[in-house]
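Input: a single structure, listed below in structure tokens.
Nothing in this text is a laboratory measurement; each read-out follows from the coordinates by a stated rule. Here the structure is a predicted model, which means the values were calculated and not measured. As a convention, Cβ positions derive from the backbone with ideal geometry for all residues, glycine included, and neighbour counts pool all protein chains shown.
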Amino acid sequence: MFSIERLRLRLIRLPLVAFFETSFSRIYDKTFILVSLDGNGVEGLGECVADTDPYYSAETNVTAWHVIKDFIAPLVLGRTYAHPRDVFPSLARVRGHHMAKAAVEMAAWDLAARLQNAPLGQLLGGTRTEIASGVSIGIQDSLDDLAGKVARELDAGYRRIKIKIKPGWDVAAVEAVRARFGAIPLMVDANAAYTLADADRLAALDRFGLMMIEQPLEYDDVRDHAALQRRIATPVCLDESIHSVRAAEDAIALAACRIVNIKPGRLGGHAEAIRVHDVCAAHGIPVWHGGMLESGIGRAHNIHLASLPNFSLPGDIAASRRYFVPDLIEPGIEVSRDGTVPVPTGPGIGVTVDWDRVAAATLEMHDVKA
Ligand code: SMG
Ligand code: MG
């Protein structure tokens with residue numbers, strides 16, 4: 001049982017160590033909202049994964065700020081919850097805006113775990129003490145640059161390499177990586193850059209034995225993905241399309257994918273992510289944890305969630321130093337030589353926030369009280 005007495009929003013900007021390019025944009029820094037919830041003498045933290053632009057999802061930092069401040073805060077403030085899984089249903093009147101909801105919901109899980117003096121993973125139902133880590137490598141200026149990045153990440157011990165693709169940066173990029181690095185665990189992510197008319201081009205990737213192709217088609221589609229999956233041998237993994245438990249059930253029923261990427265931010269928080277995890281497990285669909293270039297705070301949340309049993313493939317949860325130097329937490333998230341990250345054992349998300357760094361990176365702050 002916990003109460004929510006104050007909600008604080010911070011808009012934070014951190015420069016990225018290196019630019020990150022997907023099929024829809026290249027970014028040089030990450031701007032996000034950090035949510036703090038106070039209750040029962042402890043503070044819980046959640047990181048909103050919306051971006052500055054509505055390119056990955058319809059939400060942006062500006063919409064999330066507005067929706068949290070004006071609609072979500074009034075629903076949660078002054079309220080006592082028996083369990084953090086009750087937070088998402090209590091926001092049902094607000095339609096959509098899963099990233100905004102997730103930031104608040106995940107802060108509530110952190111708060112509840114801290115109150116019990118338990119690591120978050122224990123509350124979530126996690127069963128692992130460490131998780132397997134993969135990397136997502138953005139579109140590069142040249143195939144040489146790509147090879148250099150892949151070499152570095154393999155050296156660091158990462159267990160799976162994902163490269164971003166788009167029309168014009170696909171077959172040749174994969175061919176170059178396979179030619180140089182052989183049978184490494186390799187996958188691609190298109191962020192919805194293709195249509196069903198490109199099925200032959202996507203089938204040309206079959207000969208490379210990829211672990212999967214992530215979200216090749218439209219961000220809200222399942223039907224065309226089902227048609228594509230019938231035409232290609234590479235397993236389809238859905239990311240953007242899996243925005244709810246129902247979407248996951250539909251995708252599975254239509255055989256639109258064989259693997260699912262779970263991001264709590266896209267689904268409205270940990271509770272919905274666990275439901276998707278469970279639905280997939282019941283249907284024999286493996287899941288892995290996606291990434292949204294989170295700071296160490298959101299990253300820690302992801303590590304705890306990824307400790308659940310059906311997260312059986314390496315996730316996009318890599319070391320802090322790939323993104324932010326310094327990170328907002330000290331020490332940052334580290335990846336061992338064998339490509340694993342230990343699940344923090346302290347209370348809540350179990351990482352130590354450097355509040356001076358948070359203050360220095362904060363562009364705007366807003367408190368809402370009960
Ligand atoms: O956190 O390392 C990371 C990024 C992982 O590729 C990644 N994320 O579609 O899966 C994805 C992308 C979305 C982020 S683009 C803003
Ligand atoms: Mg993706």
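What is the distance, in nm, between label points placed 7 Å from the Cα along the Cα-to-Cβ direction at ALA82 and at ARG180?
5.7
For the chain, what does the helix formula give at 222 nm: sum of -39500 (n - 2.57) over DSSP H segments with n ≥ 4, over the residue count, nearest 500 deg cm²/dmol?
On the way: 14 runs with 120 residues, N = 370.
-9000 deg cm²/dmol, from helical runs alone.
Mind checking the full-extension length gain between ASN40 and LEU254? Use 0.36 nm per residue of separation minus the Cα-Cα distance, one decimal, nm.
72.5 nm
Enter the mean projected area of the convex hull around the alpha-carbon atoms of the chain, in nm², rounded to one decimal. Walk me through the numbers before you get to the answer.
Values: hull surface 64.9 nm².
Computing the convex hull of the Cα atoms and averaging its projections yields 16.2 nm².
Can you list, largest first and rounded to whole Å, the semi-axes you get for the stretch 119-160 by taking the square root of 5 times each eigenvalue of its Cα gyration tensor?
Equivalent ellipsoid semi-axes, largest first: 32, 11, 6 Å.
Under the rule that an exposed site lies in a DSSP loop and has at most 10 other Cβ atoms within 10 Å, name the longest stretch of the chain with no trypsin sites (Lys or Arg not before Pro) of that kind, not counting the sites themselves.
Working: sites that count: ARG93, ARG95, ARG337.
Here the longest run is 96-336.
What is the diffusion coefficient of the stretch 1-141 in µm²/s, taking the Kirkwood radius over Cα pairs and the Stokes-Einstein relation at 25 °C with a viscosity of 0.890 mPa s?
Details: Rh = 16.4 Å.
D = 150 µm²/s.
Checking a compactness column here: for the stretch 241-370, what do you get for Rg(Cα) / (2.2 N^0.38 Å), N being the number of residues?
1.17
Does the stretch 300-370 come out rounded, prolate or oblate by the C-alpha gyration tensor, with a ≥ b ≥ c the root eigenvalues, rounded set by a/c under 1.5 and, if not, prolate when a/b is larger than b/c and oblate if not?
Working: a/c = 2.33, a/b = 1.58, b/c = 1.47.
Here the stretch 300-370 falls in the prolate category.
Lysine pairs in the chain 8 or more apart or on different chains: how many have alpha carbons under 20 angstrom apart?
Taking the Cα cut-off of 20 Å, the pair count is 12.
Could you give the Stokes-Einstein D for the stretch 49-88 in µm² per second, using the C-alpha Kirkwood radius, 25 °C, 0.890 mPa s?
212
Suppose every Lys and Arg Cβ carries +1 and every Asp and Glu Cβ carries -1, with no other charges. What dipole size does the chain come out with about its Cα centre, to the nearest 20 debye?
440
Report the Cα-based extents of the stretch 104-194 along its three principal axes, largest first, to the nearest Å.
For the stretch 104-194, the Cα spread along each principal axis is 52, 29, 18 Å.
Write down Rg/Rh for the stretch 179-249, rounded to two decimals, with Rg from the C-alpha atoms and Rh from the Kirkwood relation over Cα pairs.
On the Cα set of the stretch 179-249, Rg over Rh gives 0.99.
If you rank HIS301, HIS98, HIS66 by fewest surrounding Cβ atoms within 10 Å, what's the result?
Ascending Cβ contact count within 10 Å gives the list HIS66, HIS98, HIS301.
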